[in-house]
Amino acid sequence: MRLLLKFNLIFLLVFVAGVLGAGKVSHDMLQSNAKQEVLDHARLTMEKATAIRAYTQEQIRPLLETQMKYTFLPQTVPAYSATEVLATLAKTFPDYTYKEATLNPTNPRDRAVDWEADIVNRFRNQANQKEFVGERESGTGRTLYIARPLRITNPACLACHSTVEAAPRTLIDKYGPANGFGWQMNEVIGAQVVSVPMSVPLARAEQAFRVFMASLIGIFVAIGIVLNLMLYLLVIRPVTALSKLANRVSLGEQDVPPFATRRRDEIGKLAQAFERMRHSLDQAMKMLDA
């Protein structure tokens, strides 16, 4: 097997191993970064909802207390305000959704569907869990969601949600007496759920991965071409020429020209050693003829 072929076989093995290893590491890293980007967006949306709830509770609700005696204003409910504001945002970004999924809501639109009810029950069964992150398939593709429990910690909430008798008449008139009652202090009654699509970040990650792999393969191919050229010019060609001269000398040819080289590396030393050997052989043959 020729030296150049051996070199290329070894280089090919290193190339394949390097590309597979780099591909695995880069793909995992890009996918992880894409998920982290989605998670950061989801947490930002969640913090927006929390800020809207706090603003409504602390600044809007006190301003409308008098009017609440005559008509129930859902705008004073923190959950309603957060849902409405983020629903407006969803008109521009329809795949970004926010919902205060509740097992027994006053407003029917907040009722938890099956997968949301599972999350709420998870929080009810695991009191110490403050956040849950998961993925699911939706109509628009793969979606990451983040959920946080809605726990009754403010006694003022029970003024509207403890019993039908204790609830404001204006609330009953608007939503009826069937839902949203029987809540208790420190009970998890629902969960804030933010869903964010993963298709765009994952698509960007895949595109970056393809560009990286194409660049890596291109670099390896360029290195292979340069190494082959250097190996041929610096090693294969002079060794082949020296081998041909040695073969002619071994067959007894007397007019073999000297191997001309000015190199001082290993090839040059080999050529000098060959010339000394040939000179010694010529001297030995002359002594035998004499």
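The values are calculated or read from the model by the stated rules, or taken from the named source; none is laboratory data. Note that the structure is predicted; figures quoted are calculated from it, not measured. Positions of Cβ are generated from backbone atoms using ideal geometry, with glycine treated the same way; all protein chains shown enter the neighbour counts.
Taking Asn107, is it touching a residue at least 24 places away in the same chain (Cβ under 8 Å) and closer than 21 Å to Ile189 by Cβ? Can you show your working first?
Values: touching a residue at least 24 places away in the same chain (Cβ under 8 Å): yes; closer than 21 Å to Ile189 by Cβ: yes.
So Asn107 fits the description; yes.
Of the residues Met198, Met213, only one is in contact with a Leu (Cβ under 8 Å, 6 or more places away or on another chain) and under 30 Å from Gly21 (Cβ atoms); which?
On the way: Met213 fails: in contact with a Leu (Cβ under 8 Å, 6 or more places away or on another chain).
Exactly one residue qualifies, and that residue is Met198.
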Legend entry - Listing of strands (runs of 3 or more DSSP E) fully contained in the range 44-158 that carry 1 or more residues being at pLDDT below 85 and touching a helix residue (DSSP H, G or I) at 6+ places or on another chain (Cβ under 6 Å): 141-151
Legend entry - Residue in the range 35-46 that is among the hydrophobic types (A, V, I, L, M, F, W, C), free of Cβ contacts under 8 Å to residues at least 12 places away in the same chain and within 19 Å of Tyr145 (Cβ to Cβ) present: yes
Legend entry - Those residues of the range 146-180 which are surrounded by 12 or more Cβ atoms within 10 Å (Cβ to Cβ), more than 24 Å from Gln126 (Cβ to Cβ), of a type in the set (Gly, Ala, Ser) and within 48 Å of the chain's Cα centre (by Cα), in sequence order: Ala159, Ser162, Gly176, Gly180
Inset, instruction - Give the residue, chosen from Arg210, Arg148, Arg142, that is charged (D, E, K, R) and farther than 27 Å from Glu84 by Cα. - result: Arg210
Legend entry - Pair list, Cβ < 6 Å and 6+ apart or interchain, from the range 190-209 residues that are farther than 25 Å from Ala101 by Cβ to residues that are of a type outside the set (A, V, I, L, M) and in a helix (DSSP H, G or I): Ala205/Gln31; Phe209/His27
Legend entry - Pairs where the first residue, in the range 14-28, is touching a residue at least 60 places away in the same chain (Cβ under 8 Å) and the second is surrounded by 11 or more Cβ atoms within 10 Å (Cβ to Cβ), C-beta under 6 Å, 6+ apart: Phe15/Phe220; Ala22/Leu216; Gly23/Met213; Ser26/Phe212; His27/Phe209
Inset, instruction - Kindly check whether there is at least one residue in the range 189-197 that is more than 30 Å from His279 (Cα to Cα) and assigned to a helix (DSSP H, G or I). - result: no
Legend entry - Flag for Ala203 being surrounded by fewer than 14 Cβ atoms within 10 Å (Cβ to Cβ) and either modelled with pLDDT of 80 or more or outside any helix (DSSP H, G or I) (or both): yes
Inset, instruction - Go through the range 85-102 and count every residue that is of a type in the set (D, E, K, R), surrounded by 13 or more Cβ atoms within 10 Å (Cβ to Cβ) and more than 11 Å from Val194 (Cα to Cα). - result: 0
Inset, instruction - Filter the range 47-79 down to residues that are under 29 Å from the mean Cα position of the chain (by Cα) and aliphatic (A, V, I, L, M) and give me whichever is farthest from Leu150 (Cα to Cα). - result: Ala51
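Is there a residue being surrounded by 13 or more Cβ atoms within 10 Å (Cβ to Cβ), touching a residue at least 24 places away in the same chain (Cβ under 8 Å) and either farther than 30 Å from Asp282 by Cα or in contact with a Ser or Thr (Cβ under 6 Å, 6 or more places away or on another chain) (or both) anywhere in the range 219-226? Show your work before the answer.
Filtering the range 219-226 for residues surrounded by 13 or more Cβ atoms within 10 Å (Cβ to Cβ) gives 220, 224.
Filter again for touching a residue at least 24 places away in the same chain (Cβ under 8 Å), leaving 220, 224.
Now narrow it down to the ones that are either farther than 30 Å from Asp282 by Cα or in contact with a Ser or Thr (Cβ under 6 Å, 6 or more places away or on another chain) (or both): 220, 224.
Scanning the range 219-226 turns up at least one residue that is surrounded by 13 or more Cβ atoms within 10 Å (Cβ to Cβ), touching a residue at least 24 places away in the same chain (Cβ under 8 Å) and either farther than 30 Å from Asp282 by Cα or in contact with a Ser or Thr (Cβ under 6 Å, 6 or more places away or on another chain) (or both).
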Inset, instruction - Starting from residues that are surrounded by fewer than 14 Cβ atoms within 10 Å (Cβ to Cβ) and either of a type in the set (D, E, K, R) or in contact with a Ser or Thr (Cβ under 8 Å, 6 or more places away or on another chain) (or both), keep the ones in the range 119-134 and report whichever is nearest to Val194 (Cα to Cα). - result: Glu131
